[in-house]
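Accompanying notes for the structure given below.
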Amino acid sequence: ERPENGFSPYDDYFGRGIYNNSLSNYVEIDNQTSNDAVVLLVNAYTDRKVRNEYVRKNTKFKMTGIPDGVYYLRMMMGNNWNPNKKTGPLKGTFARNLSVSGNSDSKDWMKIGTTYADSDGRYYQGFMQTLHPVAGGDVESENLTINEFIE
(Lines give C-alpha, C1' and ligand atoms only; values in the text may rest on other atoms or scores of the structure.)
Protein backbone atom coordinates (compact mmCIF):
# COMPACT_ATOMS: atom_id res chain seq x y z
CA GLU A 1 0.00 0.00 0.00
CA ARG A 2 1.72 3.18 -1.20
CA PRO A 3 1.46 6.05 1.25
CA GLU A 4 -0.03 9.35 0.14
CA ASN A 5 2.03 12.53 -0.10
CA GLY A 6 2.48 14.06 3.33
CA PHE A 7 2.32 10.76 5.22
CA SER A 8 4.88 10.80 8.04
CA PRO A 9 6.15 7.23 8.45
CA TYR A 10 8.74 7.95 11.12
CA ASP A 11 6.84 9.99 13.71
CA ASP A 12 7.31 7.11 16.15
CA TYR A 13 11.07 7.49 15.85
CA PHE A 14 11.58 11.24 15.37
CA GLY A 15 8.47 12.57 17.11
CA ARG A 16 5.57 14.38 15.51
CA GLY A 17 6.25 17.12 13.00
CA ILE A 18 6.79 20.62 14.37
CA TYR A 19 4.40 23.23 12.97
CA ASN A 20 3.81 26.93 13.37
CA ASN A 21 0.67 27.43 11.32
CA SER A 22 0.61 31.17 12.02
CA LEU A 23 3.59 31.41 9.61
CA SER A 24 3.52 31.06 5.83
CA ASN A 25 6.95 29.44 5.75
CA TYR A 26 7.28 26.43 3.47
CA VAL A 27 9.55 23.99 1.72
CA GLU A 28 8.18 22.51 -1.50
CA ILE A 29 9.60 19.22 -2.73
CA ASP A 30 9.42 18.53 -6.46
CA ASN A 31 10.18 14.84 -6.86
CA GLN A 32 11.11 14.42 -10.53
CA THR A 33 12.62 10.97 -10.03
CA SER A 34 11.23 7.51 -10.73
CA ASN A 35 11.46 6.71 -7.00
CA ASP A 36 9.21 7.60 -4.11
CA ALA A 37 10.91 9.48 -1.28
CA VAL A 38 10.74 10.09 2.43
CA VAL A 39 12.16 13.57 2.98
CA LEU A 40 13.50 14.71 6.34
CA LEU A 41 13.57 18.42 7.06
CA VAL A 42 16.35 18.85 9.60
CA ASN A 43 17.12 21.86 11.80
CA ALA A 44 20.76 22.63 10.95
CA TYR A 45 21.61 23.90 14.45
CA THR A 46 19.89 21.27 16.61
CA ASP A 47 19.75 18.31 14.17
CA ARG A 48 16.09 17.96 15.15
CA LYS A 49 14.05 16.24 12.45
CA VAL A 50 11.26 18.78 12.08
CA ARG A 51 9.37 16.79 9.42
CA ASN A 52 9.43 13.38 7.80
CA GLU A 53 7.20 13.40 4.74
CA TYR A 54 6.42 10.90 2.01
CA VAL A 55 6.60 12.36 -1.52
CA ARG A 56 5.57 10.14 -4.40
CA LYS A 57 7.61 10.03 -7.61
CA ASN A 58 6.77 12.67 -10.23
CA THR A 59 4.74 14.78 -7.78
CA LYS A 60 5.17 17.94 -5.73
CA PHE A 61 4.47 18.27 -2.02
CA LYS A 62 4.55 21.48 0.01
CA MET A 63 5.52 21.33 3.69
CA THR A 64 3.76 24.31 5.28
CA GLY A 65 3.76 26.01 8.67
CA ILE A 66 7.50 25.55 9.09
CA PRO A 67 8.93 27.41 12.10
CA ASP A 68 11.54 30.09 11.38
CA GLY A 69 14.84 28.29 11.20
CA VAL A 70 17.82 27.06 9.25
CA TYR A 71 17.32 23.69 7.60
CA TYR A 72 18.74 21.02 5.34
CA LEU A 73 17.20 17.94 3.75
CA ARG A 74 17.83 14.23 3.90
CA MET A 75 16.17 11.76 1.55
CA MET A 76 15.40 8.07 1.55
CA MET A 77 14.30 6.96 -1.89
CA GLY A 78 13.09 3.77 -3.49
CA ASN A 79 10.08 1.79 -4.61
CA ASN A 80 7.71 -0.81 -3.21
CA TRP A 81 7.13 0.74 0.23
CA ASN A 82 6.83 -1.93 2.93
CA PRO A 83 5.43 -0.53 6.21
CA ASN A 84 6.59 -3.56 8.20
CA LYS A 85 10.12 -3.93 6.89
CA LYS A 86 12.84 -2.35 9.02
CA THR A 87 15.94 -0.48 7.99
CA GLY A 88 18.13 0.16 11.01
CA PRO A 89 15.81 1.29 13.83
CA LEU A 90 13.19 2.67 11.42
CA LYS A 91 10.02 0.68 10.73
CA GLY A 92 8.93 1.06 7.13
CA THR A 93 11.24 1.21 4.15
CA PHE A 94 11.49 0.68 0.42
CA ALA A 95 11.87 -2.92 -0.66
CA ARG A 96 13.43 -1.97 -4.01
CA ASN A 97 16.04 0.54 -5.22
CA LEU A 98 16.71 1.84 -1.70
CA SER A 99 19.09 4.78 -1.53
CA VAL A 100 19.73 7.27 1.23
CA SER A 101 21.24 10.68 0.66
CA GLY A 102 21.39 14.17 2.00
CA ASN A 103 23.47 17.21 2.31
CA SER A 104 24.28 19.02 5.51
CA ASP A 105 26.87 21.28 3.86
CA SER A 106 26.33 24.77 5.28
CA LYS A 107 26.44 26.37 1.83
CA ASP A 108 23.17 24.56 1.04
CA TRP A 109 21.37 25.46 4.26
CA MET A 110 17.95 27.06 3.84
CA LYS A 111 17.35 30.10 6.06
CA ILE A 112 13.60 30.50 6.37
CA GLY A 113 11.53 33.23 8.00
CA THR A 114 11.69 36.79 9.30
CA THR A 115 14.14 35.82 12.06
CA TYR A 116 16.77 35.52 9.31
CA ALA A 117 16.01 38.77 7.48
CA ASP A 118 19.02 40.67 6.13
CA SER A 119 19.78 44.29 7.02
CA ASP A 120 17.31 45.44 4.34
CA GLY A 121 14.55 43.31 5.83
CA ARG A 122 14.57 40.78 2.99
CA TYR A 123 14.11 37.14 3.90
CA TYR A 124 13.05 33.84 2.40
CA GLN A 125 9.60 32.58 3.20
CA GLY A 126 10.38 29.26 1.60
CA PHE A 127 12.28 27.18 -0.87
CA MET A 128 11.57 24.80 -3.72
CA GLN A 129 13.84 21.76 -3.70
CA THR A 130 13.90 19.55 -6.77
CA LEU A 131 14.85 15.89 -6.52
CA HIS A 132 16.43 15.08 -9.85
CA PRO A 133 16.66 11.68 -11.52
CA VAL A 134 20.32 12.27 -12.29
CA ALA A 135 23.24 13.72 -10.38
CA GLY A 136 23.85 17.43 -10.74
CA GLY A 137 20.59 18.83 -9.40
CA ASP A 138 20.05 21.86 -7.14
CA VAL A 139 21.56 20.13 -4.15
CA GLU A 140 24.69 18.04 -4.47
CA SER A 141 23.79 15.12 -2.31
CA GLU A 142 26.04 12.57 -0.76
CA ASN A 143 25.14 8.96 -0.12
CA LEU A 144 24.51 8.20 3.53
CA THR A 145 24.20 5.11 5.68
CA ILE A 146 20.94 4.61 7.52
CA ASN A 147 22.71 5.61 10.74
CA GLU A 148 23.84 8.88 9.15
CA PHE A 149 20.28 9.44 7.86
CA ILE A 150 18.78 9.27 11.35
CA GLU A 151 21.52 10.89 13.45
Task: Protein accessible area in the stretch 1-104, 1.4 Å probe - carbon and sulfur % - done: 41 percent
Task: Inter-centroid distance (Cα atoms) of the stretch 99-115 relative to the stretch 16-43, Å - done: 12 Å
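Could you do me a favour and compute the accessible area per residue for the chain, 1.4 Å probe, result in Å²? Each step should come with its number before you reach the end.
Details: 7930 Å² over 151 residues.
Accessible surface, normalised per residue, equals 53 Å².
Calculate the FRET efficiency for residue 120 and residue 21 from the Cβ-Cβ distance with a Förster distance of 35 Å, rounded to the nearest 0.05. Each step should come with its number before you reach the end.
Working: r = 28 Å, r/R0 = 0.79.
After rounding, the FRET efficiency stands at 0.80.
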- [ ] Specify the residue with the greatest mean-square fluctuation among 15, 126, 102, computed from a Gaussian network of the chain linking alpha-carbon atoms under 10 Å apart.
- [x] 15
- [ ] Mind putting a number on the dipole of the chain about its Cα centre? Charges go on the C-beta only, +1 for Lys and Arg and -1 for Asp and Glu, and I need it in Debye to the nearest 20.
- [x] 500 debye
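Find how much the distance from residue 98 to residue 46 grows on full extension, using 0.36 nm per residue of separation minus their present alpha carbon separation; answer in nm with one decimal. Please report the intermediate quantities before stating the final value.
Values: separation 52, 0.36 × 52 = 18.72 nm, distance 2.69 nm.
Here the segment from residue 98 to residue 46 would lengthen by 16.0 nm.
With runs of 4+ DSSP H residues as the only contributors, calculate the mean residue ellipticity of the chain at 222 nm using -39,500 (n - 2.57) per run, divided by the residue total and rounded to the nearest 500.
Numbers: 2 runs with 9 residues, N = 151.
Rounded to the nearest 500, the figure is -1000 deg cm²/dmol.
The values are calculated or read from the model by the stated rules, or taken from the named source; none is laboratory data. Since we're looking at a predicted model, the values are computed, not measured. Methodologically, a virtual Cβ is constructed for each residue, glycine included, from the backbone with ideal geometry; neighbour enumeration extends over all protein chains shown. Surface accessibility is based on the protein's heavy atoms, side chains included, excluding ligands, DNA and RNA. Shrake-Rupley method; radii C 1.70, N 1.55, O 1.52, S 1.80 Å.
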